[in-house]
There are 2 protein chains.
Amino acid sequence: MIKQVPATHPRLKSLIIREKLVNGFTRGLVAREGLIAHGRGEAFDYLLGEKTSAFALDATQAAAATLLLAKQPIISVNGNVAAVSATDIIELSKYANAPLEVNLFYRDKKREQAIERELLKYGATKVFGVGPNASARLPDLDSERRKVDPRGILVADVVVVPLEDGDRAEALVKMGKKIIAIDLNPLSRTASIADITIVDNITRAIPSLVYAIKRINNLTNKEKQKIVNKFDNKRALAKSLEIIRGAMT
Amino acid sequence: MIKQVPATHPRLKSLIIREKLVNGFTRGLVAREGLIAHGRGEAFDYLLGEKTSAFALDATQAAAATLLLAKQPIISVNGNVAAVSATDIIELSKYANAPLEVNLFYRDKKREQAIERELLKYGATKVFGVGPNASARLPDLDSERRKVDPRGILVADVVVVPLEDGDRAEALVKMGKKIIAIDLNPLSRTASIADITIVDNITRAIPSLVYAIKRINNLTNKEKQKIVNKFDNKRALAKSLEIIRGAMT
């Protein structure tokens with residue numbers, strides 16, 4: 001499809017990510033609703049100037065410290081993440097010492113397996129939450145969205161949720177888990193409910209998060225905790241909103 | 001899919017439209033990229049409060065007058081429009097005395113025919129731009145996007161483009177055509193290039209446009225022209241931006 005788009009197109013980078021996603025759809029990783037969700041993200045990224053803000057970097061730094069302080073962190077992976085950021089998320093898993101768990105809004109055995117295969121192909125050593133392994137249930141959620149892995153999200157203290165649904169983010173918060181969200185919409189429920197929200201495109205945010213982890217890995221726990229304590233999610237969200245407002249003038 | 005979404009979901013209406021689109025995708029009307037484009041629209045509609053603004057109504061009124069004054073108006077229909085607004089667009093075609101032309105970014109014979117069938121099924125009497133009928137070419141555009149019907153868009157003086165690509169909108173403007181766009185992103189190239197931009201969801205905008213046509217149909221041409229002259233697209237776009245900025249506080 002990208003072949004039909006001229007190289008002079010003003011939004012080429014965004015189109016290349018889109019192409020990856022459409023490709024992921026064709027290969028059974030991405031749900032139809034995942035394509036729509038991607039479009040929503042595109043709109044917000046466009047309003048953010050398709051750039052990582054200083055406030056997103058603050059959140060990234062706090063997320064890195066939180067992950068390094070976590071006892072049992074986990075990274076939730078859906079079809080869009082696997083299609084666009086498979087290698088990045090595996091890198092993050094390694095440096096954050098956090099396993100990957102397939103966690104889908106629309107569960108579907110074939111899609112779960114396709115995502116698992118994709119992650120294994122790019123170097124993941126283990127993938128939680130696939131098929132019968134998603135045998136535990138989150139409270140207060142309907143049907144398929146409840147299912148999680150009893151070795152993974154169920155028992156984790158910190159959950160990284162790139163591109164998460166608001167209801168599910170809320171259910172995790174209610175269970176007392178710390179949530180690190182990556183969400184381009186600073187007004188979303190996930191963004192406002194999370195402990196740390198990185199308002200940035202996952203293709204920029206996840207590599208930054210890996211970098212931040214490497215950079216602060218040698219700090220003492222006390223220093224890491226200081227980074228976490230200094231971060232104010234409400235303020236960071238308000239600042240992201242300001243950037244979008246600026247784009248509207 | 002909508003079955004999995006609880007009735008208490010805060011964005012049910014938007015989810016129902018999404019369901020229609022996904023359905024249209026399954027039936028071969030909508031391209032994968034159309035699903036993504038819909039997501040972008042959803043984000044802007046969300047920022048507009050999912051409501052029709054007074055400025056969108058002004059644009060609608062001007063669009064109605066422009067259509068009634070047109071010599072050879074035409075309505076461009078893509079897969080998303082057919083999936084979400086087939087009956088509405090046929091109604092508009094009737095009252096505006098403007099034929100429907102299938103006009104796709106990603107041309108594909110099967111999809112063109114599926115859209116034609118859908119429109120005929122819902123009561124259209126004729127559909128331009130399908131298969132070999134799209135034998136004319138717009139200047140300054142690459143490949144498949146150039147193709148138009150020589151009886152339709154090529155010779156029209158006024159073109160209604162709900163959900164149009166910026167390049168193509170520009171090509172039409174360069175040919176001296178008056179463009180009426182329906183576009184939820186007031187910052188898009190299509191929105192800024194069009195003579196009249198209705199910044200609204202097509203599911204609300206098209207019925208409003210039909211209503212406006214009925215209401216002003218009996219005015220004299222001079223009175224209709226007055227409505228057109230009074231409308232200022234730049235101002236209306238700025239006002240829509242203001243609404244979105246308001247949502248950001």
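Values in this text are rule-based calculations from the coordinates and carry no lab data. Quantities reported herein were computed from a predicted structural model and do not represent experimental measurements. For neighbour counting, all protein chains shown are included, and Cβ atoms are generated from backbone atoms with ideal geometry for every residue, glycine included.
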- Compactness of the protein assembly as shown - radius of gyration and Dmax, Cα, Å: 24.1, 80
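To make sure I understand, if each residue's beta carbon is the centre and we count other beta carbons within 10 Å, what order do B:Arg204, B:Arg40, B:Arg235 fall in, fewest to most?
Details: B:Arg204 19, B:Arg40 22, B:Arg235 11.
If I rank by nearby Cβ atoms, fewest first, I get B:Arg235, B:Arg204, B:Arg40.
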- Item | Share antiparallel - DSSP beta bridges, chain B, percent rounded to 5 | 10
- One can check that the equivalent ellipsoid of region B:10-74, built from the alpha-carbon gyration tensor with semi-axes equal to the square roots of five times its eigenvalues, has lengths in Å, largest first, of 27, 19, 9
- Task: Take the rotation relating chain A to chain B, measure from its axis to every Cβ in chain A, and name the nearest residue with the distance in whole Å.
- Result: A:Gly39, 1
- At 222 nm, what helix-only mean residue ellipticity would the protein assembly as shown give, in deg cm²/dmol to the nearest 500, using -39500 (n - 2.57) for each DSSP H run of four or more? -17000 deg cm²/dmol
- What are the distances, in nm and sorted shortest first, from the label point of A:Lys13 to the label points of the same position in each other copy, with each label point placed 7 Å from Cα along the Cα-to-Cβ direction? 3.6
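Take every DSSP beta bridge whose two residues both sit in region A:106-241, then give the antiparallel share in percent to the nearest 5.
Values: 2 of 10 bridges.
If I count the DSSP bridges inside region A:106-241, around 20 percent turn out antiparallel.
Can you give the Rg to Rh ratio for chain B, taking only C-alpha atoms and Rh from Kirkwood? Mind dumping the intermediate values first?
Working: Rg = 17.2 Å, Rh = 18.2 Å.
Radius of gyration relative to Kirkwood radius: 0.95.
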- Task: Could you let me know the centre-to-centre spacing of region B:106-157 and region A:172-249, using Cα atoms, in angstrom?
- Result: 47
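What FRET efficiency would be calculated for the residue pair B:Lys234, A:Ala238, taking the C-beta separation as r and a Förster radius of 35 Å, to the nearest 0.05?
Working: r = 30 Å, r/R0 = 0.85.
Computed FRET efficiency for B:Lys234 and A:Ala238 comes out at 0.70.
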- List the distances, in nm to one decimal, from the label point of B:Lys230 to the label points of the same position in every other copy, shortest first, placing each label point 7 Å from Cα along the Cα-to-Cβ direction. 5.8
- Item | Sparsely packed trypsin sites (Lys or Arg not before Pro) within region B:43-116, loop by DSSP, other Cβ within 10 Å at most 14 | B:Lys51, B:Lys71
